[in-house]
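Following: one structure in structure tokens, then a few remarks.
The values are calculated or read from the model by the stated rules, or taken from the named source; none is laboratory data. These figures come from a predicted structure and were not determined experimentally. Virtual Cβ from ideal backbone geometry, glycine too; neighbours counted across all protein chains shown. Note: accessible area is taken over every heavy atom of the protein model, side chains too, but ligands, DNA and RNA are not part of it. Shrake-Rupley method; radii C 1.70, N 1.55, O 1.52, S 1.80 Å.
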Amino acid sequence: MRSDRHDPAPATRSARPRVRAGLAAALALAALSGCATVPSGGPVVEGAGGDTGATASDGRYVRQLPPGPQPGITPEGLVRGFLKGMGSFEENHGAAREYLAARPSGEWNPSGPVLVYEDADELTIDRLTDGGGDTARVRLLSTRMATIDSGGQYLPADGELIDVTFDLVRNDDGEWRISNPPDQLILSRSDVDLAYRPLNLYFFNRDRSTLVPDPVFLPVSSDRSAPRLVKMLVDGPTSWLRPAVESAFPEDADADVAYDSGTVTVEIDTPAGGAEERFGMGAQLVWTLRQLPEVEELILRVGGEEIEIPGEEGENLLTGGGDWESVNPSGVTGNLRAYFVRDGQMWALESDALDSLPQESRVAGAAGSGDVPLERHAVSLDEDQVAGISAEDDAVVVAGTGQDSEYATVLSGGDYTALSWDGYGNLWVAEDVSRGSDADEEDDEQAVEEDTEPGDPPASPSPSGGSNDAGTRLWMLRGGTDPVEVSAPELADVAVTRLRMSRDGTRAAVISEDGRGGAPELAVGRVVHSRGGVTLGGALPLATELDEVSDVSWRGGDQLVVLGRDGRGADQGYLVSLDGSTETTSAGAPPGTDMVAVTAAPGLPLLSSVEDDHIWMTNDRITWQRVIDGTNPVYPG
């Protein structure tokens with residue numbers, strides 16, 4: 001998989017206004033302020049997914065001050081206490097240092113990746129020596145559930161072991177202390193929940209039209225959160241997202257950040273650059289810092305020059321939006337309509353307010369006529385094109401949404417299973433190339449006929465349904481018409497059942513089956529455009545606590561909604577954060593019926609179709625109401 005960064009291939013279309021188009025107007029404002037006021041209210045950031053559990057502004061973070069070692073503590077008890085003390089970042093891990101011998105206490109610098117285990121019940125702590133003298137050795141074993149790397153990214157692990165041996169010595173008072181502390185922190189999941197804030201850094205997609213959230217975990221600190229977050233932002237994206245995004249900050253930039261009484265002052269040591277770079281740096285900082293309720297004001301200086309931030313003096317950047325909204329991380333501007341099918345015809349749903357029932361209108365042209373039955377459909381973000389998988393001739397077709405439009409075949413001859421539009425106007429299609437798929441069986445039959453000579457015994461087609469027969473080919477059609485095969489090696493041995501592109505075009509959510517009888521699994525991969533082509537890779541598993549997932553949609557830039565079950569009942573909706581750690585939360589289900597599909601979009605109601613061909617909606621994830629007859633609801637994307 002290629003991870004080097006190249007100039008992207010040109011995009012053919014766009015579903016959003018571009019930054020470059022709106023930049024001139026932003027910079028033409030006569031009254032510009034060199035500092036930005038950020039009120040302390042801190043609402044949920046649009047595009048950050050919404051209510052994914054604990055947020056930076058919900059007040060649930062408290063200082064942890066665990067007690068030090070008690071007199072007479074055993075070697076095993078000392079190690080357990082040291083592990084608990086690691087969860088406090090106060091006074092540079094002062095609580096944990098109390099468990100160390102004098103010399104390592106002053107030198108210990110846990111700078112390696114953080115190892116995360118489930119809870120204390122999963123730990124095995126054994127004394128390897130009897131401890132009868134002045135030294136002892138204790139071994140810690142546990143299953144590692146995740147790692148927080150040096151960039152702050154939470155990465156799920158796959159059954160690796162945490163195996164650490166501690167050497168202990170007695171101090172002058174005869175008490176045990178650790179003489180060889182590990183280079184990294186070892187924390188339980190509950191310690192991570194208490195000691196870290198899940199936050200986003202914001203970077204640009206490849207044409208700088210949209211900010212892309214990069215979830216990271218930041219240690220809780222009384223006054224260091226803002227400087228740490230800014231330094232992480234200037235240093236660049238996490239290693240996972242880096243190949244897919246861009247930053248307005250130069251790669252060699254260094255930030256000097258000060259925080260005082262609600263004011264963050266950022267000094268960047270490189271030249272200020274052009275208007276687009278200055279706007280980009282300001283946008284990345286504002287969207288990143290607005291997550292912290294303690295930040296009230298931002299001052300930005302680049303190369304010694306104070307950067308004027310577009311907007312009226314004293315403008316409320318959290319609620320006012322203004323020019324910053326042109327790159328908001330939701331990936332959309334304006335109100336999206338939802339689309340559904342009734343009697344083979346496509347209809348649109350539109351609502352003027354969240355608390356009002358949507359109104360329906362039939363889509364113009366080919367999609368609304370219903371002459372071509374579709375198994376699946378997707379609507380472009382600009383709502384100008386409809387794509388579908390034809391139910392009759394194993395083809396992918398595309399039509400405009402204007403009057404008198406007709407479907408044009410853009411892919412044919414394959415077993416197509418899923419499709420989705422990205423924010424650049426490209427259509428993505430998954431093709432099942434598994435042994436045993438319909439298209440494969442036809443190819444086998446043709447090959448048998450061609451390879452069999454008169455008088456020869458009949459040849460048998462290739463076996464199907466074997467344990468390693470699953471496979472998917474991925475296509476990207478530029479502008480919905482020009483197909484390019486995407487390099488997706490991680491899909492080579494799975495069958496994709498659902499594909500949803502993020503509306504910023506940088507990531508893809510995929511539900512797949514392994515062909516061995518296992519339950520469908522959800523993962524998110526990054527999209528990398530380079531001179532060598534387009535790649536989808538770096539799959540990160542999500543919603544692993546669910547026993548089964550069957551549908552997925554992007555609710556925001558860093559949150560998915562999935563249809564699944566956890567083993568205790570029928571399918572229902574769940575909200576899934578992309579940070580990898582925040583607990584999956586229920587979005588409920590319509591009463592008295594079974595959900596069969598779900599769709600979502602930023603700031604809009606969740607929609608679901610159910611088995612009796614009705615569509616339901618919810619705004620609060622508690623109360624679902626039936627809104628219309630129909631099937632297969634989708635928001636654009």
#### Entry: the range 355-413 - charge dipole about Cα centre, Lys and Arg +1 at Cβ, Asp and Glu -1, debye rounded to 20
40 debye
### Query
So, in nm, how far is label Asp134 from label Glu392 when the simple model puts each one 7 Å beyond its Cα toward the Cβ?
9.1 nm
### Task
Using a 10 Å cut-off on Cβ atoms, rank the peptides 110-116, 202-208 from the highest mean neighbour count down.
202-208, 110-116
### Query
If you count, for each residue, the other Cβ atoms within 10 Å and average over each peptide, how do 600-609, 158-167, 89-98 line up from highest to lowest?
600-609, 89-98, 158-167
### Task
Quick one: grab the alpha carbon gyration tensor of the range 490-567, order the square roots of its eigenvalues as a ≥ b ≥ c, and give me rounded if a/c is under 1.5, else prolate or oblate depending on whether a/b is larger than b/c.
oblate
### Task
Could you pull out every residue, at least 5 positions away or on a different chain, whose amide H is within less than 5 Å of the one on Met145? Hs are placed 1.01 Å off N in the peptide plane, and Pro or chain starts have none.
Val116, Tyr117, Glu118
### Summary
Sparse-neighbourhood loop hits (GluC sites (Glu not before Pro), the range 531-637; DSSP loop; Cβ within 10 Å at most 11 others) -> Glu611
## Note on the structure
For the range 522-567, the Cα convex hull volume per residue in Å³ comes to 82 Å³
### Query
What does the charge dipole of the range 147-277 about its Cα centre add up to, to the nearest 20 debye, if the Cβ of each Lys and Arg holds +1 and the Cβ of each Asp and Glu holds -1?
400 debye
### Query
Want the number for Lys231 to Arg516: 0.36 nm per residue separation, take away the alpha-carbon distance, what's left?
98.1 nm
### Query
Roughly speaking, to the nearest percent, how much of the range 209-264's 1.4 Å accessible area is carbon and sulfur?
41 percent
### Query
At what distance in angstrom do the alpha carbon centres of the range 229-255 and the range 531-591 lie from each other?
27 Å
### Message
Quick query: amide H of Asn200 versus all other amide H atoms, modeled in the peptide plane; which residues come in under 5 Å with a sequence gap of 5 or more or a different chain?
### Response
Val216
### Query
Which percent of the accessible area of the range 579-637 is formed by carbon and sulfur heavy atoms (probe 1.4 angstrom)?
44 percent
### Query
At a Förster distance of 45 Å, what's the computed FRET efficiency of Thr544 paired with Glu251, Cβ-Cβ distance as r, to 0.05?
0.85
### Message
I'd like the Karplus ³J(HN,Hα) series for the range 81-94: coefficients 6.51, -1.76, 1.60, θ = phi - 60°, whole numbers in Hz, and an x wherever there's a Gly or Pro.
### Response
x, 4, 4, 5, x, 4, x, 9, 9, 5, 6, 6, 6, x
### Task
Enumerate the calculated ³J(HN,Hα) couplings along the range 362-368 in order (Karplus 6.51 cos²θ - 1.76 cosθ + 1.60, θ = phi - 60°), each rounded to whole Hz, writing x wherever the residue is Gly or Pro.
6, 5, 6, x, 4, 5, x
### Summary
For the pair Leu161 and Glu406, the simple spin-label estimate (label points 7 Å beyond Cα toward Cβ) gives in nm 6.8 nm
### Message
Averaging the inverse of every distinct alpha carbon separation and then flipping it gives the Kirkwood radius. What is it for the range 509-618, in angstrom units?
### Response
14.8 Å
### Query
In whole Å, how far is the Cα centre of the range 137-209 from that of the range 322-339?
38 Å
